[in-house]
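Please read the structure below before turning to the comments.
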Amino acid sequence: MSMQERLNSIEQEIEHACEKVGRNRNSVHIVAVTKYVSVETTKQTLDHGLTHIGENRAEGAIEKWNALHDRGIWHFIGSLQTRKVKQIIGKFAYLHSLDRLSLAEEVDKRLEPGEIMKCFVQVNVSGEESKAGITPEELHSFIRQLSQYKGIQVVGLMTMAPFYEAPESTRPVFKKLRELRDEVQVLQLEHAPCTELSMGMSNDYLVAVEEGATFIRLGSALVGRE
Ligand SMILES: *Cc1c(COP(=O)(O)O)cnc(C)c1O
C-alpha cells in the first residue's frame with residue numbers, strides 16, 4: 001500500500017470513530033511518527049499534508065529537522081535525557097515525555113527568555129515497569145511543582161498503553177488518562193491548561209480516539225518502516 005492509501009483508510013477510520021462517539025474530526029490531530037524512515041520519506045509525509053512530525057531520538061530527529069524544519073510542527077515523543085535537551089530546544093514545539101522535574105528545569109533553563117515549550121506530562125497509567133512516566137498518584141503534586149518553571153506549559157497528558165493483541169484491551173488505560181486530564185483541567189492552573197490527550201499508536205489509535213485522544217501518534221501504520 002502507498003502512503004496515500006494508508007492515509008485514506010486511516011482517515012476513514014478516524015472519521016468513523018469520531019462519528020461513533022459524537023466528536024468533531026478536527027479535534028483529533030495526527031502526529032506522523034517518522035522514526036523508522038528516512039529524510040526522503042519524511043518529506044513525502046509532509047507532501048501528503050501531514051504537518052505534525054514526531055521523533056523519539058535526538059540523533060535521528062536533527063537531520064530531518066535540518067532538512068525540513070520550515071515545513072512541519074515538530075514533536076519530541078521519546079524519553080529525553082537531560083544532557084540532550086539542548087539539542088532539541090528551539091526546534092521542537094512540543095515535548096510529549098515530561099516525566100521529571102530535573103527535565104523541566106533543564107528545558108526551562110535552555111529556553112530563550114519569554115519562549116515556552118508545550119509539554120505533555122507522561123503518565124504511566126498501566127504501571128508497567130518498562131514504561132516511563134509518573135504515577136497517577138503523583139500527578140497533581142508534580143504538575144503544581146512545574147509552575148516554578150516559567151517556560152513550561154502543560155498542554156496535556158500523554159501515555160503509552162501496553163501492547164495488546166486486542167486493541168480493545170487498552171480502553172481502560174485511555175479512559176483513565178482522560179479522567180486524570182479532566183481532574184487537572186478543573187484546577188485551572190495558569191501554567192497547566194491541560195486540555196490535550198496524547199494517546200494511541202498504530203495498534204490502538206481508534207480506541208484512543210473513542211476515548212478522547214486529541215493527538216494520536218502514528219508510525220508503522222501510516223508512515224511505514226524502512
Ligand atoms: C514509535 C512511537 C510511536 C509510534 O509507534 P507505532 O506503533 O509505529 O505507531 C508512538 N509513540 C511513541 C512514544 C513512540 O516511541
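No value in this document is a laboratory result; all are computed from the given coordinates. Keep in mind that this is a model prediction, so the values were computed, not measured. Counting neighbours? That spans all protein chains shown, and the Cβs are built from the backbone with ideal geometry, glycine included.
Numbers below:
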| item | result |
| --- | --- |
| Residue list for region 145-202, filter: surrounded by fewer than 21 Cβ atoms within 10 Å (Cβ to Cβ) and at positive phi | GLN188 |
| Long-range neighbours under 9 Å by Cβ, at least six apart or interchain, first residue in contact (Cβ under 8 Å) with a residue 12 or more places away in the chain and more than 26 Å from ASP70 (Cβ to Cβ) within region 87-114, second part of a loop (DSSP other than H, G, I, E, B) and of a type in the set (S, T, N, Q) | ASP99/SER79; ASP99/ASN124; LEU103/GLN81 |
| Residue count, region 125-169 (criterion: free of Cβ contacts under 8 Å to residues at least 40 places away in the same chain and either within 16 Å of the ligand (Cβ to nearest atom) or over 18 Å from SER198 (Cα atoms) (or both)) | 14 |
| Residues located in region 18-47, provided they are outside any strand (DSSP E or B), of a type outside the set (S, T, N, Q) and within 16 Å of the ligand (Cβ to nearest atom) | VAL28, LYS35, TYR36, VAL37 |
| Subset tally (residues that are exposed (fewer than 14 other Cβ atoms within 10 Å of the Cβ) and among the charged types (D, E, K, R)) for region 16-40 | 4 |
